[in-house]
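Participant: The structure that follows is given in the form of structure tokens.
Just so it is clear, none of the values below were taken in a lab; they were calculated from the coordinates. From a predicted model like this one, the values you see are computed outputs, not experimental measurements. Using ideal geometry, Cβ is built from the backbone for each residue, glycine included, and neighbour counts are taken over all protein chains shown.
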Amino acid sequence: MVRSKQCFKCKTVKPINEFYKHSRMADGHLNKCIECAKSDVRSHREKNIDRIREYDRQRAKADSRIKLSIELHRRWRAEDSRRAKAHSSVARAIKSGALVRMPCESCERPDTHAHHDDYDQPLKVRWLCPVCHSKYHHEH
């Protein structure tokens with residue numbers, strides 16, 4: 001059984017578990033390591049971002065995607081009613097003018113999400129852009 005192989009892209013010999021599984025390959029794994037595969041995907045996305053975003057928008061309109069989105073949203077609201085209520089409270093407060101959307105506290109970008117540190121205080125939020133918000137949740 002093969003325990004390691006060489007990536008054709010970076011020419012590094014790596015353990016077999018650092019290659020994606022691929023049933024049509026002789027050893028059952030892709031010939032490009034996971035790191036190089038991810039790098040290629042990132043690069044392709046950056047070069048073709050407009051076309052990819054348009055594809056994603058069209059795909060989101062498919063009936064099966066809409067049904068899935070509705071189901072996921074219902075599940076999200078049911079998991080923690082405090083979170084859902086806090087989310088709704090912020091939306092209403094922004095609409096009424098009681099709460100003003102601020103730039104990201106980390107990078108100053110204007111497009112922000114309201115982040116709750118405590119759902120029991122629904123209008124006490126931190127403003128984070130989508131990138132910083134994602135980073136925050138990944139780190140905490």
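Participant: Taking the Cα centre of the range 4-95 as origin, sum charge times position over the Cβ atoms of Lys and Arg (+1) and Asp and Glu (-1), and report the length of that vector in debye to the nearest 20. Don't skip to the end; give the middle numbers.
Facilitator: Values: 26 positive and 12 negative charges, 72 e Å.
Computed about the Cα centre, the dipole is about 340 debye.
Participant: For a Förster distance of 30 Å, can you work out the FRET efficiency between the beta-carbons of residue 60 and residue 17, rounded to the nearest 0.05? Working shown, then result.
Facilitator: Details: r = 34 Å, r/R0 = 1.12.
Efficiency, rounded to the nearest 0.05: 0.35.
Participant: Within the set of other residues whose C-beta is less than 11 Å from the C-beta of residue 120, count the net charge using Lys and Arg as +1 and Asp and Glu as -1.
Facilitator: On the way: positive: 82, 83, 85, 124; negative: 117, 118.
Spelling it out: positives minus negatives among the neighbours equals +2.
Participant: Turning to a different aspect of this structure: In degrees from 0 to 90, rounded to the nearest 10, what is the angle of the helix 63-79 Cα long axis to the longest principal axis of the chain?
Facilitator: 60
Participant: Let me ask another. If contacts are Cα pairs under 8 angstrom and at least 6 residues apart, what is the relative contact order of the range 34-140 in percent?
Facilitator: 17
Participant: If I fit a long axis through the Cα atoms of helix 34-47 and take the longest principal axis of the Cα atoms of the chain, what angle between them do I get, 0 to 90°, rounded to 10?
Facilitator: Computed tilt is about 60 degrees.
Participant: Shifting gears a bit: Can you give the calculated 222 nm mean residue ellipticity of the chain, where each DSSP H run of n ≥ 4 adds -39,500 (n - 2.57) and the sum is split over every residue, rounded to the nearest 500 deg cm²/dmol?
Facilitator: Calculated mean residue ellipticity at 222 nm is -16000 deg cm²/dmol.
Participant: Put +1 on the Cβ of every Lys and Arg and -1 on every Asp and Glu Cβ in the chain; which of 69, 129, 140 then has its Cα farthest towards the positive end of the dipole?
Facilitator: Going by the charge dipole, the pick is 69.
Participant: What is the order of 4, 23, fewest Cβ neighbours within 10 Å to most?
Facilitator: Values: 4 12, 23 6.
Ranked by crowding around the Cβ, least crowded first: 23, 4.
Participant: Can you give me the angle between helix 130-139 and the longest principal axis of the chain, using Cα atoms only, in degrees from 0 to 90, rounded to the nearest 10?
Facilitator: The angle comes out at about 70 degrees.
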